[in-house]
Amino acid sequence: MFMHKLSVGIVGCGAIGSSLAKAVKRDFFRQAKLIALYDLDRCKSEKLAKSFGNKTLLAASLKDLIKKSDLVIEAASAQASFDIAKSTLVLKKNVMIMSVGGVVKDFSILYKLAVNNNCKVYIPSGAISGIDALKAAGIGRIQKVTLTTTKNPLSFKGVKYIEEKRINLDKIAEDKVLFSGKAADAVKYFPQNINVAAVLSLAGIGVDKTQVRVIASPGVAKNVHEIKIESAAANISTRTENILHPDNPKTSYLAVLSAIATLRGILEPIKIGT
């Protein structure tokens with residue numbers, strides 16, 4: 001339990017960052033305080049700071065935000081998440097990473113920095129269930145982990161991999177497998193859509209052994225993630241049908257709530273679950 005209020009800085013002031021900032025102010029005001037906001041698009045950070053009636057929340061730079069914070073929450077993008085996390089750990093501050101797909105490739109670097117600087121890296125479970133059971137099973141022996149992600153074709157608009165494959169999303173009339181392979185490739189090809197594969201891999205048997213299928217289905221309105229785990233301890237199956245975030249349809253609402261729950265776990269004296 002923190003003896004003083006935890007100073008929280010948020011990098012990325014879009015739908016996710018805004019939701020987390022509001023949660024800090026609304027739900028954790030006794031244990032934490034929102035200390036700084038930063039976004040490359042300054043209009044976003046200014047708008048969010050204005051909604052709180054506090055322009056002093058605007059950080060002059062990423063480094064400025066990190067220095068002011070006890071905990072930095074990255075809610076920017078997969079392209080920026082590694083650099084944000086690395087910069088935070090170099091300055092010996094704790095970090096929560098939302099855009100997990102961007103750190104998987106070089107996660108060992110962050111791990112070493114966290115160890116050497118006595119810092120913590122927090123990665124929420126995100127839009128999937130079963131991470132607790134996967135971590136427990138991993139203490140023993142896991143044979144296989146597979147993830148099947150099904151989304152509406154429109155969710156993949158603007159994905160470079162889809163454009164390179166010349167897949168016409170508007171003409172998909174039945175379920176179509178867009179990708180089947182290892183998580184390492186899924187994270188690379190779908191950086192904005194498949195954060196769950198990154199989380200699953202880091203919690204389990206790694207990006208080269210975790211198998212992923214990505215399906216475009218015109219009949220679904222929700223993001224659906226199905227996980228199957230085969231292990232010496234148990235065979236585990238989960239299915240999560242996600243409600244889309246009201247402000248960002250590319251993000252599942254559960255992913256944001258998972259980050260809030262992670263923050264609660266940091267602040268509360270009692271931890272429940274693996």
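The values are calculated or read from the model by the stated rules, or taken from the named source; none is laboratory data. The structure presented is a predicted model; accordingly, all values stated were derived computationally and were not measured. All Cβ positions, glycine included, derive from the backbone under ideal geometry; neighbour counts span all protein chains shown. The area values use the complete protein model at the heavy-atom level, side chains included, leaving out ligands, DNA and RNA. Shrake-Rupley method; radii C 1.70, N 1.55, O 1.52, S 1.80 Å.
Of the residues Val196, Val212, Val159, the one that moves most in a GNM of the chain with alpha-carbon contacts below 10 Å is Val159. Apolar share of the accessible surface for the chain: 51 percent from carbon plus sulfur atoms, 1.4 Å probe.
Once the chain from Arg26 to Glu46 is taken as fully extended at 0.36 nm per residue, the excess over their C-alpha distance is 5.3 nm.
Considering only Val104, Tyr122, Asn193, the residue lying farthest towards the positive end of the dipole of the chain is Tyr122, judged by Cα position with unit charges set on Cβ. The region of the chain that goes longest without hitting one of the chymotrypsin sites (Phe, Trp or Tyr not before Pro) in a DSSP loop, each with at most 15 other Cβ atoms within 10 Å, is 53-274.
Placing a pseudo-label 7 Å from each Cα along the Cα-to-Cβ vector at Asn118 and Glu174 gives an inter-label distance of 6.2 nm.
A prolate overall shape is assigned to segment 82-132, the ratio a/c of its alpha-carbon gyration tensor axes (a ≥ b ≥ c) being 1.5 or greater and a/b exceeding b/c.
Can you classify segment 30-90 as rounded, prolate or oblate using the Cα gyration tensor, where a ≥ b ≥ c are the square roots of its eigenvalues, rounded means a/c under 1.5, and otherwise it's prolate if a/b beats b/c and oblate if not? Cα axes put segment 30-90 in the oblate bin. For segment 4-103, trypsin sites (Lys or Arg not before Pro) meeting the loop criterion (DSSP other than H, G, I, E, B) and having at most 10 other Cβ atoms within 10 Å: Arg30.
Summary value for the chain: 19 percent relative contact order, contacts being C-alpha pairs under 8 angstrom separated by 6+ residues.
For the residues Cys43, Cys13, Cys119, a GNM of the chain with alpha-carbon springs under 10 Å puts the largest fluctuation on Cys43. Computed from backbone phi with θ = phi - 60° and the Karplus coefficients 6.51, -1.76 and 1.60, the 3J(HN,Hα) list for segment 197-213 is 5, 5, 4, 4, 5, 5, 7, x, 10, x, 6, 8, 9, 6, 9, 9, 10 Hz; x is used for glycine and proline.
Taking every DSSP beta bridge that has both residues in segment 120-274, what percent is antiparallel when rounded to the nearest 5?
80 percent
How would segment 1-64 be classified by its alpha-carbon gyration tensor: rounded, prolate or oblate, with rounded meaning a/c under 1.5 and the a/b versus b/c comparison settling the rest? Prolate.
Reachable aspartates and glutamates from Lys112, Cα under 16 Å, same-chain residues fewer than 8 places away excluded? Within reach: Asp83. Rounded to the nearest 0.05, the FRET efficiency derived from the C-beta distance between Lys165 and Lys271 at R0 = 51 Å is 0.70.
Measuring between alpha carbons in the structure, the pairs from Lys22/Lys250; Lys93/Lys151; Lys120/Lys222; Lys68/Lys105; Lys105/Lys228; Lys228/Lys250 lying more than 26 angstrom apart are Lys93/Lys151; Lys120/Lys222; Lys68/Lys105. Relative to the longest principal axis of the Cα atoms of the chain, helix 107-116 runs at roughly 30 degrees. Take every DSSP beta bridge whose two residues both sit in the chain; close to 50 percent of them are antiparallel.
Think of each Lys and Arg Cβ as +1 and each Asp and Glu Cβ as -1; about the Cα centre, that makes the dipole of segment 54-189 roughly 300 debye. Candidates Ala15, Leu154, Ala136 compared by Cα position along the dipole of the chain: farthest toward the positive end lies Ala15, with charges placed on Cβ.
Would you work out the charge dipole size for segment 213-274 about its Cα centre, treating the Cβ of every Lys and Arg as +1 and the Cβ of every Asp and Glu as -1, and quote it to the nearest 20 debye?
Charge dipole of segment 213-274: 60 debye, to the nearest 20.
Simple rule: put +1 on each Lys or Arg Cβ and -1 on each Asp or Glu Cβ in the chain, find the dipole, and look at Phe82, Asn94, Gly273; the Cα lying farthest toward the positive end is Asn94. Dipole magnitude for the chain: computed about the Cα centre from +1 point charges on Lys and Arg Cβ and -1 point charges on Asp and Glu Cβ, it is near 560 debye.
In terms of the mean number of neighbouring beta-carbon atoms within 10 Å, the peptides 164-172, 214-222 order highest first as 214-222, 164-172. Helix 81-90 and the longest principal axis of the Cα set of the chain meet at an angle near 40°.
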